[in-house]
Amino acid sequence: MIMMRRLSAALVALTLVLITAAYGGSGDKGDKGKAGAPGIGDRYFPTLGNGGYDVEHYTLELSYEPGDDVLAGTATIEAEATKALKSFNLDLAGLEVESVTVDGDEAEFERDDAELIVTPAESLAKGGTFTTEVEYSGVPDPESDPSLGIPLGWIPLDDGSYVLSEPNGAQTWYPVNDHPSDKATYTFRITVPDPLIAAANGLLTEQVPGDGSTTYVWESGDPIASYLVEVAVGNFVIVEDGTAAGVPIRHVFAADLADEATEAAAETPEMVEFFSEEWGPYPFEAYGALVVDTPLGVALETQTLSLFGSDTALFAGSEAIFAHELAHQWFGDAVSPERWRDIWLNEGFATYAEWMWKEHDGGESIAESAEDIYRGFEASGDDTVLLDPGPDGLFGAAVYERGGLTLYALRVEVGDDVFTEILRTYFEKFDNQSVTTADFVDVAEDVSGKNLDELFAAWLAQAELPPFPGASA
Ligand code: ARG
Ligand code: ZN
């Protein structure tokens, strides 16, 4: 789903229509349409996402056999054509495609790298909805993460699997418009051999017993960015922990680690209440942690069910990471980046949230955390420009630390109450959408009534680190 919300975008579109009309363009009546673009227009990842359509819902019917690691699936993709299309692309890296249909009719398809190019029997009309069904199977081949070198996508384990996709791993396991600017809702039907359990985003709505296997049905009624889609298979236990601020809390833990993980996640309900009070109601139908039985080096804010490794969940300081991934549900998941270069909108906010939780929990004040981080960051000499960290710098220290400090600088500038109002307004206005830094700056200026150009330019657009906020030079 892409929400049309900027007048300027509408004006650009109108101007293009006028130019096309003036120069005769291609807009003949009975137009068969054109090929949809092979990328959605993200400068950091030119082939991620695709042009010409907008996905509304994915139904992923999957079966997985740990051991041989073969994933077999049928993806049913309901989308709207945003222009007349002769053909369109999906992102899919590796795997074997057996068949593609569009609106029930066999479609032609070809593969070109990570592009699956589909030519329906009949062209698609602009504004019409269409349903694509892709049957596929194979052993997923993970991508390598450009910043940390970790494997991305569908990752096999001895007795199961997990998905860690940010930014471009989703295409390793299902055909997708693989970009956070096109979020969609999901239904998952995942068949796994007994006694394994399959978990995914949203709510477990059904368990259908089969012959030595069970199909787990999970539904996600809120739109999800593809990098936040999770499917995990394993010897899991599902641990329910009541509700917090009206939100059902349910965790999925590797059975071996269940006791330790239960303890590590114990503050989750209070965290949900705290952040809901600060920013506005938790945005989805449930929340919990997924802890898999392997070290990951990272955690990931997979929507409604954040992913942790044994290392990132089970160590003395893991509470900050639990707060961080939960905070992303508001900032990153509900309000998502429209382009990858704006990643500080995710990580800066989640880092600031760690400081909020620490203070709330009786630890260091936000000002103390900010100053500690500032001193360390200053000493590192990291001169990454936050508005352009580069594809390799998406998860570098600057995005997190200077990102969090940018929010701290804003708070010092506008005062605590106005700062809180800015975050609440930003969340409320862009919930379920995708944003750029300009959207955040606009809200900050509207709510505060101040011109903040200089502050944001200093923190986001220049290499040199501004002085610690509030300290007189
Ligand atoms: N977004 C994750 C976090 O909570 C980090 C993911 C790192 N991803 C990667 N491809 N290195 O901070
Ligand atoms: Zn994060």
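The values are calculated or read from the model by the stated rules, or taken from the named source; none is laboratory data. Predicted model, so just to flag it, every value in this text is computed and none were measured. Virtual Cβ from ideal backbone geometry, glycine too; neighbours counted across all protein chains shown.
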With 159, 145 as the choices, which residue is surrounded by 20 or more Cβ atoms within 10 Å (Cβ to Cβ) and at pLDDT below 95?
145
Restricting to the range 303-340, name every residue that is assigned to a loop (DSSP other than H, G, I, E, B), within 12 Å of ligand 2 (Cβ to nearest atom) and not acidic (Asp, Glu).
332
The listed residue being modelled with pLDDT of 95 or more, of a type in the set (Asp, Glu) and away from ligand 1 (no atom under 15 Å from the Cβ), out of 325, 354, 378
378
Residue under evaluation residue 369, criteria (1) farther than 30 Å from residue 256 by Cα; (2) away from ligand 1 (no atom under 16 Å from the Cβ); (3) outside any helix (DSSP H, G or I), criterion not met
(3)
So is residue 392 more than 16 Å from ligand 1 (Cβ to nearest atom), within 30 Å of residue 165 (Cβ to Cβ) and of a type in the set (D, E, K, R) or not?
no
Can you find even one residue in the range 246-269 that is within 30 Å of residue 420 (Cβ to Cβ) and within 16 Å of ligand 2 (Cβ to nearest atom)?
no
Can you run down the residue pairs with Cβ atoms below 9 Å, 6 or more apart or on separate chains, where the first is in the range 42-69 and in contact (Cβ under 8 Å) with a residue 60 or more places away in the chain and the partner is assigned to a strand (DSSP E or B) and basic (Lys, Arg)?
59/189; 60/189; 61/189; 62/189
From the residues in the range 129-157 that are in contact with an Asp or Glu (Cβ under 9 Å, 6 or more places away or on another chain), assigned to a loop (DSSP other than H, G, I, E, B) and more than 16 Å from residue 297 (Cβ to Cβ), which one is farthest from ligand 2 (Cβ to nearest atom)?
139
Whether any residue in the range 432-448 is over 27 Å from residue 283 (Cα atoms), part of a helix (DSSP H, G or I) and of a type in the set (Gly, Ala, Ser) is what I want to check.
no
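Let's see how each residue does on (1) touching a Gly at 6+ places or on another chain (Cβ under 9 Å); (2) crowded, with 20+ Cβ neighbours inside 10 Å; (3) among the small types (Gly, Ala, Ser):
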residue	(1), (2), (3)
56	no, no, no
72	yes, no, yes
89	yes, yes, no
103	no, no, no
112	no, no, no
122	no, no, no
Taking residue 165 as the residue in question, decide whether it is surrounded by fewer than 20 Cβ atoms within 10 Å (Cβ to Cβ), under 26 Å from residue 291 (Cα atoms), hydroxyl-bearing (Ser, Thr, Tyr) and within 16 Å of ligand 1 (Cβ to nearest atom).
no
